[in-house]
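Data first, discussion second: the structure below is written as structure tokens.
The values are calculated or read from the model by the stated rules, or taken from the named source; none is laboratory data. Note that the coordinates shown come from a computational prediction; the quantities given were computed from them, not determined experimentally. Glycine gets a Cβ as well: all are built from the backbone with ideal geometry, and neighbour counts include every protein chain shown.
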Amino acid sequence: MECLINNFLMNFHKITESNSNYDKLEKKSIKQLLEIINFEDQTVALSVKKEISKINKLINKVIQQLKIGGRLFYIGSGTSGRIGVVDASECPPTFGVNADLVIGVIAGGDKAIRKSIENAEDNINQGWNDLLKYKISSNDFVIGIAASGTTPYVLGALENCNKNKIPTGCITCNPGSPISLISKYPIEVVVGPEVITGSSRMKAGTAQKLILNMISSTAMIKIGRILGNKMVDMQLSNEKLVDRGTKMVMDSVGINRNEASRLLNKYKSVRNAIKNYKNEI
């Protein structure tokens, strides 16, 4: 497989590494730079919009897997891996799910979240080995995140998932890349050249985060972790969230703050406080 990838890459054009539409950046004023970056960022959401139908197909499969007891994995390296880890880590406090329902896997391990690990992304076998640590199965769903679409760590993981009948998807910013060809549910969000040539932490990273927001939020809504528009299963881990939860209870059942606070303290979650309110009347 590694040889095939290398041969493919010889003629593969990476839009993410194309020369920037702007030059002599160091000579521009701070305001000019901000306006340029902001202008380019505005194009990202429109690029994501073009992929809605493909995102929809991927999310439908993710929800199907979650409903049979499976898990959602994000796997990537560098910026792409970090974005996956961030989105996964926000699911337990936001939706009250177990920490092992949505899992972010990054090349180089947890150390790579804060510091770049040299050559971690180049090992074509390590991604699959990292997934095996979680006893991954065909009930799960794995999304490879790679702006370039050529990261060996991710490609090897997805190829092995396919061999083991584990559903795969991807988020990339280069059309027709190896990761798109390997994935069963590819998402190709083409954002064009970066303001700083090749710096895919900019528009490409923003696009990836927008799509992950869609995937995790929609999946959590559809497996019942949102009531109306409220995070009724959020973890009440600090005073700010307790206050937010109290207001949710007040708004949902029409009671005063003291009563809402009492219910929340007794039942330990917004959902349970709302559910049990009627039983106490």
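Miscellaneous remarks
- Residues within the range 145-167 that are assigned to a helix (DSSP H, G or I) and under 12 Å from S183 (Cα atoms), tallied: 10
Residue-by-condition table, conditions (1) of a type outside the set (A, V, I, L, M, F, W, C); (2) at pLDDT below 95; (3) within 30 Å of N38 (Cα to Cα); (4) surrounded by fewer than 18 Cβ atoms within 10 Å (Cβ to Cβ):
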{"site": "Q208", "(1), (2), (3), (4)": "yes, no, yes, no"}
{"site": "L212", "(1), (2), (3), (4)": "no, no, yes, no"}
{"site": "I221", "(1), (2), (3), (4)": "no, no, no, yes"}
{"site": "G224", "(1), (2), (3), (4)": "yes, no, no, yes"}
{"site": "V253", "(1), (2), (3), (4)": "no, yes, no, yes"}
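- Test for G84: is it surrounded by 19 or more Cβ atoms within 10 Å (Cβ to Cβ), assigned to a helix (DSSP H, G or I) and of a type in the set (G, A, S): yes
- Residue in the range 182-192 that is over 21 Å from A88 (Cβ atoms), over 20 Å from the mean Cα position of the chain (by Cα), in contact (Cβ under 8 Å) with a residue 40 or more places away in the chain and in the same structural domain as L72 (by TED's automatic domain parsing) present: yes
- Boolean, I63 is within 16 Å of the chain's Cα centre (by Cα), buried (at least 16 other Cβ atoms within 10 Å of the Cβ) and assigned to a helix (DSSP H, G or I): yes
- Options T218, T197: the member that is in the same structural domain as I63 (by TED's automatic domain parsing), closer than 29 Å to L66 by Cα and not aliphatic (A, V, I, L, M): T218
- Number of residues in the range 123-168 that are of a type in the set (D, E, K, R) and surrounded by fewer than 17 Cβ atoms within 10 Å (Cβ to Cβ) equals 4.
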